Amino acid sequence: MIVAPEVDCGVTPTTDGEIAIINLESARSRSWTRFFADPTRDGVAETVVENEQLALQLIGDVCALDRVTLLAAQLARGHAASARAALIQAQVASMAHRFSDAGHHLAQAEINGAPRADIDRLRLNIDQACGSNLDNVLDARRRIALETRGLEDFVALGSLLADLHDFAAADRAYKEALRAYRDVSPFPIARVGFQLGVLWGELVPERDLSAAAHWYRRAIEVLPMYTKARVHLAEIRLSEGRLGEAESLLEPLAAIGDPEVDWLLADVLVAQGRLEESEIRMTAARTGFESLLDRHLLAFADHGAEFYAGSGGDLRRALQLARVNADNRPTLRAFEQAHEIAVSAGDGAAASELREQAVRRWDGTAAFRSSSLSRHQSERCQGAAA
């Protein structure tokens, strides 16, 4: 069993989270104004994308992807041969999990003379997201984190170590990120807290929900409207039967338009016996997911698969989406999700095909040996030998 070590991760006091969100919205509005005034001005489009990415990740503003997609299209129309435009297009495509497009734009940026550091940074992100060249990515992540001692670089390293199932090392990297932080924005601190919550609440073989809840609470303390942290903590409270607390975590998010909020609220309301209210929320969740999948299939295929495999109640749709996700980003986690859904759906052919694909790509790695796919393969071999 992997135990979450008790480590003091005190950090520099940050700006009040509610004020920080107001400041972000103001900065986002100003950056768009400057962009529309002069899209070619250095740093303007990049600032818009940075602000919209924060709105997507932290506030749950799912329309941020629509806005940056329009920005990238406008740049492409006016500055198709620009290295800067190609870099921004690559970043936007990566945000939307259109990794093949992102690679194409990155190659164009390189041909047009984009800075090597920017090319390498984006390529590392794309390779890590797709589970490609991970030995090289791990070497680079470790080197960069040791050189910069920066929070973002330790977070990227921690995320990769978690993907590789080196969970204790991932925990250390995330906590090193907290120690390294010297700024006043609450956003990075909240993000690290969330990542630690996911690590101990979802990724380790034996989940530690107490540790996960601690880190989700830490994230919410510094950023009260952190949508993902509230949703994940509410999931834990629902599993514990603490329905009132789960509902109170979700209520402030009810109007933001994130279908995951509607989904979990529906589950909480069902558990309380409030069936009519639950049905309204479940309809909103289903409509919201389908709208997002129609506009940004690759960005939300894994979330949609999780929804339809759960309360969405459509395993066929869930498997379709999970396979889209695994085809797009063939990480071990994507294969595990798709295989689990195929087994639940009783689709033995799909389950076998997904397991074989995962074996071809991941067999021989430490991560695969500790995965659910490896355990399932061992159980099948034992059953065949019996």
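The values are calculated or read from the model by the stated rules, or taken from the named source; none is laboratory data. Small disclaimer: the values here were computed from a predicted structure and weren't measured. Every residue, glycine among them, receives a Cβ derived from its backbone with ideal geometry; neighbour counts consider all protein chains shown. Surface accessibility is based on the protein's heavy atoms, side chains included, excluding ligands, DNA and RNA. Shrake-Rupley method; radii C 1.70, N 1.55, O 1.52, S 1.80 Å.
Would you please name the residue that is farthest from GLY78 (Cα to Cα), looking only at residues in the range 23-42 that are outside any helix (DSSP H, G or I) and open to solvent by less than 90 Å² (accessible area, probe 1.4 Å)? Show your work before the answer.
Quick first cut of the range 23-42, residues outside any helix (DSSP H, G or I) only: 38-42.
Those still in the list that are open to solvent by less than 90 Å² (accessible area, probe 1.4 Å) too: 38-40.
On the way: ASP38: 12, PRO39: 9, THR40: 9 Å.
Only one residue fits best here, namely ASP38.
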### Task
Go through (1) in contact with a Leu (Cβ under 7 Å, 6 or more places away or on another chain); (2) of a type in the set (A, V, I, L, M, F, W, C); (3) closer than 23 Å to VAL324 by Cα and name the single condition ALA114 misses.
(3)
### Answer residue from the range 48-62, given it is of a type outside the set (Asp, Glu) and either within 15 Å of SER26 (Cα to Cα) or out of contact with any Leu (no Cβ under 9 Å at 6 or more places or on another chain) (or both) and is modelled with the lowest pLDDT among those
ILE59
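Just wondering, is there one or more residues in the range 291-312 that are part of a helix (DSSP H, G or I), of a type in the set (S, T, N, Q), open to solvent by less than 60 Å² (accessible area, probe 1.4 Å) and over 25 Å from GLY257 (Cα atoms)? Break it down into steps so the answer makes sense when it comes.
Initial filter on the range 291-312 (part of a helix (DSSP H, G or I)): 291-295, 297-309.
Right, trim to of a type in the set (S, T, N, Q) and you get 291.
Narrowing further to those that are open to solvent by less than 60 Å² (accessible area, probe 1.4 Å): 291.
Those still in the list that are over 25 Å from GLY257 (Cα atoms) too: none.
Within the range 291-312 (the criterion being part of a helix (DSSP H, G or I), of a type in the set (S, T, N, Q), open to solvent by less than 60 Å² (accessible area, probe 1.4 Å) and over 25 Å from GLY257 (Cα atoms)), the answer is no, since none of the residues qualifies.
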### Residue among ALA266, ALA246, ALA234 that is farther than 26 Å from PRO188 by Cα, assigned to a helix (DSSP H, G or I) and open to solvent by less than 10 Å² (accessible area, probe 1.4 Å)
ALA266
#### Entry: Test: residue in the range 97-109 that is in a loop (DSSP other than H, G, I, E, B), touching a residue at least 40 places away in the same chain (Cβ under 8 Å) and under 20 Å from the mean Cα position of the chain (by Cα)
yes
### Task
Run SER210 past the list (1) assigned to a helix (DSSP H, G or I); (2) touching a residue at least 12 places away in the same chain (Cβ under 8 Å); (3) farther than 25 Å from PHE368 by Cα and report the number of the one that doesn't hold.
(2)
### Query
Identify, please: which residue in the range 54-96 is outside any loop (DSSP other than H, G, I, E, B) and charged (D, E, K, R) and is, among those, most open to solvent (accessible area, probe 1.4 Å)?
ARG77
### Task
Answer yes or no: is there a residue in the range 121-139 that is closer than 13 Å to VAL49 by Cβ and open to solvent by 40 Å² or more (accessible area, probe 1.4 Å).
no
